[in-house]
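Visitor: If you scroll down you'll find the structure; I have some questions about it.
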Amino acid sequence: MEAIDTLCLKDTKEDLEKAAEIIKNGGLVAFPTETVYGLGADGTNPEAVKKIYEAKGRPSDNPTIVHIADKEDLDNLTTLVSKDMRILMDAFWPGPLTMVITKPDEIPYVTTGNLETVGVRMPENKIARDFIRASGTSIAAPSANISGRPSPTTAQHVMDDLGGRIDAIIQGGECKIGIESTVVDMTGEIPMILRPGYITKEDIERVLRKPILIDPTLNRKPSKDGNFKPKAPGMKYKHYAPNADMIIFRGDPEHVAASIDKERIEREGLGQNVYIISFDPNKPVLAAHEIFAQLRAADKGKADVILAAALPQKGLGFAVMNRMLKSAGFNIVEV
Ligand code: TXA
Ligand code: MG
């Protein structure tokens, strides 16, 4: 791929218009959201969406999420808005929830990785929504990282991965939440969580007033018998992988701390560069905010190994552990 100049834009009216112009001309613009930075293209323009896959090196069967600015945009996309969808929109939009719905004709198959369904999300971030609105279309946007790398939570992370490969980035500081949206499939009889995120299963069940499903493959080590088929295509790929090896220690907090320390001393004795990730187990919000930045910091510091403390897999902790388990290739030690 030939290097291009990546324009750095701010959230001024003038710059957002420049960004919108790039989108209308079929180009790529990275933008901040409350979860992670997204890499946007006109979701209705197949040629533009193809460029997303090229820039990221993303497998073409991994669908992108379509981003809208206002709730009305969903009614313009589809006539099939169920009662449950309405309830979830009212409770969680704008915000970190993606709903998988039947694909409208207007959205081409490149955008959905050839699926008959599409994920739709209305972000809360004001810059994101002003940019989408100015573009006058639905914005297809995966996370703005090279495929397989940790998701970007600052403009610098995006530039580190995609500088010279995309037309522009709108700078918007650090992402508030830090892990990607909850993806929930609304096409079946009972909604099913395909990717855990800030909005938890319990949050959704509380507003729908009924139990929902969760993809049973989530947070399970992939089996070798070929039966491991997550429902969200992206969940099967190697993901969030730092260059360093990563080991997660799980158990009583004191044992975990002692085991990490022992491992660190041994490895440093062998001349290895060790990076430790240890969040307060009672502060999953902080862990979500930090996890991707820490994985990237470990790489920048040329760590040979990352030693991480597990979080309790409840509430938001389940979503953060989902990212950590994948980063570590499910390399977990019980202590
Ligand atoms: O928070 C987010 O969702 C961020 C920001 C930029 O909005 N976007 C994001 O996109 O994380 P991406 O492409 O990195 O992850 C989308 C995930 C993938 O695992 C994909 O397989 C799944 O959502 N997905 C998208 N459309 C789907 C569909 N129609 N059916 C099943 N899974 C879908
Ligand atoms: Mg991603």
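Visitor: With +1 on the Cβ of every Lys and Arg and -1 on the Cβ of every Asp and Glu, and nothing else charged, how large is the dipole of the chain about its Cα centre, in debye rounded to the nearest 20?
Guide: Result for the chain is approximately 640 debye, rounded to the nearest 20.
Visitor: Sticking with this one: Using Stokes-Einstein with the Kirkwood hydrodynamic radius over Cα pairs, what translational diffusion coefficient do you get for the chain at 20 °C and a viscosity of 1.002 mPa s, in µm²/s rounded to a whole number?
Guide: The estimated diffusion coefficient comes to 105 µm²/s.
Visitor: While we're on this one: Using the Kirkwood radius over Cα pairs, work out the Stokes-Einstein diffusion coefficient for segment 182-335 at 20 °C and 1.002 mPa s, in µm²/s as a whole number.
Guide: 129 µm²/s
Visitor: Please give the calculated 222 nm ellipticity per residue for the chain, where each DSSP H segment of at least 4 residues contributes -39500 (n - 2.57) and the sum is spread over every residue; nearest 500 deg cm²/dmol?
Guide: Counting only the DSSP helices, I get -10000 deg cm²/dmol.
Visitor: Across all directions of projection, what mean area in square nanometres is found for the Cα convex hull of segment 232-304?
Guide: 6.0 nm²
Visitor: Further, regarding this structure: What do you get for GluC sites (Glu not before Pro) in segment 39-135 restricted to DSSP loop and a cutoff of at most 11 other Cβ within 10 Å of the site's Cβ?
Guide: Within segment 39-135, the qualifying GluC sites (Glu not before Pro) (loop, at most 11 other Cβ atoms within 10 Å) are E116.
Visitor: Can you tell me the length gained on complete extension of the stretch E189 to L80, counting 0.36 nm per residue apart and subtracting the Cα distance?
Guide: Extending this stretch completely gives an extra 37.9 nm.
Visitor: Determine the dipole magnitude for segment 84-223: charges of +1 sit on the beta-carbon of Lys and Arg, -1 on that of Asp and Glu, nothing else is charged, the reference point is the Cα centre, and the result goes in debye to the nearest 20. If you can, show how the numbers build up before the last one.
Guide: Working: 16 positive and 18 negative charges, 49 e Å.
Using Cβ point charges on Lys, Arg, Asp and Glu, segment 84-223 gives about 240 debye.
Visitor: Please find, in a Gaussian network model of the chain (springs between Cα atoms separated by less than 10 Å), the residue of A258, A141, A308 whose mean-square fluctuation is greatest.
Guide: A258
Visitor: Return the lysines within reach of K18: Cα separation strictly under 26 angstrom, same-chain partners fewer than 8 residues apart disregarded; answer none if there are no such residues.
Guide: Filter leaves K10, K50, K51, K56, K71, K126, K176.
Visitor: What residues of segment 167-186 lie in the reach of a label at L208, counting those whose backbone N is under 19 Å from a point 7 Å from the Cα along Cα→Cβ?
Guide: In segment 167-186, the label zone of L208 (backbone N under 19 Å from the point 7 Å along Cα→Cβ) covers 181-186.
Visitor: If each residue of separation counts as 0.36 nm, what is the full-extension length gain between E106 and L286 once their alpha-carbon separation is subtracted?
Guide: 60.9 nm
Visitor: Can you tell me the length gained on complete extension of the stretch H255 to D61, counting 0.36 nm per residue apart and subtracting the Cα distance?
Guide: Values: separation 194, 0.36 × 194 = 69.84 nm, distance 4.22 nm.
Using 0.36 nm per residue and subtracting the Cα-Cα distance, I get 65.6 nm.
Visitor: Let me ask something additional. Could you grab the relative contact order for segment 140-218? Cα pairs under 8 Å, six or more apart, rounded to a whole percent.
Guide: 20 percent
Visitor: Do any GluC sites (Glu not before Pro) in segment 156-211 lie in a loop, going by DSSP, with at most 10 other beta-carbon atoms within 10 Å of their beta carbon, and if so which?
Guide: E189
All of the numbers you see were taken from the coordinates with simple rules; none came from a lab. Computed from a predicted structure; not experimentally measured. Note that each Cβ is placed from the backbone with ideal geometry, even for glycine, and that neighbours are counted across all protein chains shown.
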